[in-house]
Amino acid sequence: MTILQIALDVPLPRLFDYRLTGESQGSFVGRLVKVPFGQGVKFGVVVNEAATSDHPEAKLKSAELIDGLPALPADWLALCQFCARYYHYPLGQVMAFALPPLLRKGKMPRALKLKVGAGETAPSSNTATPDQVAAIEAITGTSGFQTFLLHGVTGSGKTEVYLRAIAAVLERGGQALMLVPEIALTPQLESRVSARFPGAHVVSAHSGVADAARARAFLAARGGHAAIVLGTRLSVFMPMPRLQLIVVDEEHDASFKQQDGLRYSARDVAIFRARQRDIPIVLGSATPSLETFHHATSGRYSLLELPLRAVAAAMPTVTTVDTRKQKLQDGLSAEMISAIGERLGRGEQSLIFLNRRGYAPVLACPACGWISHCRRCAANLVLHLADRRLRCHHCGLEVMIPHACPGCGNLDLQPFGRGTQRLEAALTERFPAARILRIDRDSADSPRKWQTLLATIHAGGADILVGTQMLAKGHDFPKLTLVGVVGADAALFAADFRAPERLFAQLMQVGGRSGRAHLPGAVLIQTEYPDHPLYRALIDHDYAAFANEQLAERQAAGFPPFAFQALLRAEAPEIAQALEFLGTAVAAAEALGTSDIMLYDPVPMRLARLKNRERAQLLVESRSRPALQNFLAGWITQLYALKTPRELRWHLDVDPQEF
């Protein structure tokens, strides 16, 4: 009798033994199976085979192999096992996450439609710059594992470097994996890749792809039929037998880190996968994460520079507008209004960037001080005037705008602060003849609407764009020559030590939308702190100066990349329950010994209440990654053994990006 050790989608860090009845030939490792579990059935993946079990064989239940689904390859299993070990997450749940939903249920999609002739490449219409040529030669000339940071200013042609490196891979009969941070960028990139490689089978993998299409893409990659896989963070788990190159575009982007379930960093998992397969990986960004930049400047990664724009003659000029010295008109300075008017007169486009959607952040009563709080979260309800709603951007709660103050009955409720809808209304009133387009997650709440908005911009159907970070990266608008930034100062003094890094990246990215063709670009930043070092570095287009200053501060404070962190979070109906559990976790940690580990006090999270649940967290830190991992491996076993109330939930976040 063959004993199968199976990983199941259950929140327990263990495998389950089942017996395989009947004749057994060959190995069953990697096969999908259907097994009885509790009162129902579950699907799982065979991880090991054994001759005996710790359980009586007579009590072992039978596993049923799923016919038609090929075994998952050994390197895919090893990748999932790495994630389970490093992120301390049950292996069965890692594998369930990594599999498309259809395959996870033991179902096969309809037959695949495959292209042939993967080596065909259409010639590029662009002439490569000397810096691009040097970068391409470095990437294609390497053999074995190597991590490259392709640090190129916005508009420097990083995508052209990616495509030429991919072309070299396809000529050798290999496969390439390219990760992008946003679903919105995938269709645009897919069109460009498909045009460059018309004979190649290109598949997309992201949460917006239908279940059947996602399963077909997974199987096409697994069978070696898909030459190129494009996708967001989940595509890092696509099995690819001839994988020869991985590209992570906008590697700094926070969306590469999953914030629920398996809290993994797709960038970091991609680097592990490149090392596992002994192939090169390219991390591309105009504003690399400080961790990546530190590795590149210290010699751990190879640094490739693209300091010049590929098409535009120069970078846009960046100017700060000191808002302390003037009264703003509808949130806009006189300089901003004048600059917009100049672009309208020349038939050029302007983008006014405000990373806050809705009409106003809060509705308040000036008589009694009532504020539109969310009853389920420690946050305010945002005023959305267009659809007459107050909406929580954290839990999704919506209520009608009250006719009078719920506290005192005052009819004169006032919006405070400014969102994209209010800015759009102000610009419409000031420039009535202008065609104004607002782009945020309210106006572009589906892929079809998003593509329609992009098509309108490219066709010249808008004069002024009002947008959030959706417009900050990956888009080329030839007529866009002005980017105006409103309301950026708040991030300068945020509690999160990563806030300045994110603000700098965001502003450099959105500013890079300006002047990308032959028209000169300009960026105006409204601020009360015009002499702040972050803004000075933006004016000088000097990422390295900003990064080095931030790294010096982090080294002095003992923050990443000079330390390694994990967060234990707990949530319960009452904050006392969450804090009590974390206190018990501290005692369990201290019993293990923490000579190389720093344990901080349990504290409520900044957003302490979310969806009617109270939340708290405990930070664990070490100067040594191996020491932290060894500690976490022992601690997680203790945590699973703790008896906790049914209503309490907890999770561990390794290398957290949000505090």
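Results, tabulated for the structure shown:
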read-out	value
Candidates L492, L453, filtered to the one that is in a helix (DSSP H, G or I) and over 19 Å from V523 (Cα atoms)	L453
Neighbours by Cβ (under 8 Å, 6+ apart or cross-chain): first from the stretch 405-416, free of Cβ contacts under 8 Å to residues at least 40 places away in the same chain; second loosely packed, with under 14 Cβ neighbours inside 10 Å and among the small types (G, A, S)	L411/A404
Flag for L245 being part of a loop (DSSP other than H, G, I, E, B), out of contact with any His (no Cβ under 9 Å at 6 or more places or on another chain) and not hydroxyl-bearing (S, T, Y)	no
Residue within the stretch 60-70 that is touching an Asp or Glu at 6+ places or on another chain (Cβ under 9 Å), surrounded by fewer than 18 Cβ atoms within 10 Å (Cβ to Cβ), under 19 Å from L8 (Cβ atoms) and free of Cβ contacts under 8 Å to residues at least 40 places away in the same chain present	no
Hits in the stretch 536-570 (condition: among the small types (G, A, S), under 23 Å from D601 (Cα atoms) and touching a residue at least 40 places away in the same chain (Cβ under 8 Å))	A557, G558, A563, A566, A570
Sole residue being touching an Asp or Glu at 6+ places or on another chain (Cβ under 8 Å), among the aliphatic types (A, V, I, L, M) and in a loop (DSSP other than H, G, I, E, B), chosen from A404, A386	A386
Selected residue (criterion: modelled with the lowest pLDDT) from residues of the stretch 360-371 that are assigned to a strand (DSSP E or B) and buried (at least 17 other Cβ atoms within 10 Å of the Cβ)	A360
Unmet criterion (only one of (1) at pLDDT 95 or above; (2) in contact with a His (Cβ under 7 Å, 6 or more places away or on another chain)) for A168	(2)
Residue among R418, R343, R356 that alone is at pLDDT below 90 and closer than 30 Å to S156 by Cα	R356
Meets criteria (touching a residue at least 60 places away in the same chain (Cβ under 8 Å), in a strand (DSSP E or B), of a type in the set (V, I, T) and under 25 Å from A360 (Cα atoms)) for V523	yes
The one condition in (1) assigned by TED's automatic domain parsing to the domain that holds L519; (2) in a strand (DSSP E or B); (3) touching a Lys or Arg at 6+ places or on another chain (Cβ under 8 Å) that I337 fails to fulfil	(2)
Residue match in the stretch 480-491 (condition: closer than 23 Å to T323 by Cβ, without any contact (Cβ under 8 Å) to a residue 24 or more places away in the chain and out of contact with any Gly (no Cβ under 9 Å at 6 or more places or on another chain))	yes
The stretch 555-575, subset closer than 20 Å to E501 by Cβ and touching a Phe, Trp or Tyr at 6+ places or on another chain (Cβ under 6 Å), residue surrounded by the fewest Cβ atoms within 10 Å (Cβ to Cβ)	Q555
Test: residue in the stretch 372-384 that is modelled with pLDDT under 90, not assigned by TED's automatic domain parsing to the domain that holds R438 and not aromatic (F, W, Y)	no
Members of the stretch 459-479 that are under 19 Å from L189 (Cβ atoms) and either within 26 Å of the chain's Cα centre (by Cα) or touching a residue at least 60 places away in the same chain (Cβ under 8 Å) (or both)	Q469, M470, L471, A472, K473, G474, H475, D476, F477
Residue in the stretch 400-418 that is surrounded by 21 or more Cβ atoms within 10 Å (Cβ to Cβ) and either farther than 30 Å from P573 by Cβ or in the same structural domain as I464 (by TED's automatic domain parsing) (or both) present	yes
Some residue of the stretch 588-603 being over 28 Å from L397 (Cα atoms), part of a strand (DSSP E or B) and small (G, A, S)	no
Failed criterion for A226 (all others in (1) within 22 Å of M95 (Cβ to Cβ); (2) part of a helix (DSSP H, G or I); (3) aliphatic (A, V, I, L, M) hold)	(2)
Per-region count, the stretch 264-280, residues under 23 Å from P656 (Cβ atoms) and part of a strand (DSSP E or B)	1
Positions within the stretch 1-30 being touching an Asp or Glu at 6+ places or on another chain (Cβ under 8 Å), of a type outside the set (V, I, T) and outside any loop (DSSP other than H, G, I, E, B), in sequence order	L4, Q5, D17, R19
Residue in the stretch 576-594 that is buried (at least 19 other Cβ atoms within 10 Å of the Cβ) and under 18 Å from A379 (Cα atoms) present	no
Count of the stretch 595-615 residues which are in contact (Cβ under 8 Å) with a residue 60 or more places away in the chain, surrounded by 14 or more Cβ atoms within 10 Å (Cβ to Cβ) and more than 23 Å from F497 (Cβ to Cβ)	2
Odd one out for V620, checked against (1) farther than 22 Å from Y87 by Cα; (2) touching a residue at least 24 places away in the same chain (Cβ under 8 Å)	(1)
Residue in the stretch 598-620 that is more than 30 Å from T319 (Cα to Cα) and touching a Phe, Trp or Tyr at 6+ places or on another chain (Cβ under 6 Å) present	yes
Which numbered condition E160 fails, given (1) surrounded by fewer than 18 Cβ atoms within 10 Å (Cβ to Cβ); (2) within 27 Å of A314 (Cα to Cα)	(1)
Which listed residue is more than 27 Å from P500 (Cα to Cα), in the same structural domain as G141 (by TED's automatic domain parsing) and in contact with a strand residue (DSSP E or B) (Cβ under 8 Å, 6 or more places away or on another chain), from R300, R277	R277
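Every residue, every condition in (1) of a type in the set (A, V, I, L, M, F, W, C); (2) surrounded by 24 or more Cβ atoms within 10 Å (Cβ to Cβ); (3) under 9 Å from the mean Cα position of the chain (by Cα); (4) closer than 20 Å to V654 by Cβ, yes or no:
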| site | (1), (2), (3), (4) |
| --- | --- |
| R242 | no, no, no, no |
| L245 | yes, yes, no, no |
| E250 | no, yes, no, no |
| Y264 | no, yes, no, yes |
| I281 | yes, yes, no, no |
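Okay, residues lined up against (1) buried (at least 18 other Cβ atoms within 10 Å of the Cβ); (2) not in a strand (DSSP E or B):
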| site | (1), (2) |
| --- | --- |
| I457 | yes, yes |
| A462 | yes, yes |
| L465 | yes, no |
| P478 | no, yes |
| D496 | no, yes |
| L503 | yes, yes |
| R513 | yes, yes |
| P530 | no, yes |
| Y535 | yes, yes |
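The values are calculated or read from the model by the stated rules, or taken from the named source; none is laboratory data. Values in this document were obtained by computation on a predicted structure and should not be read as measured data. Glycine also receives a Cβ, built like all others from the backbone with ideal geometry; neighbour counts cover every protein chain displayed.
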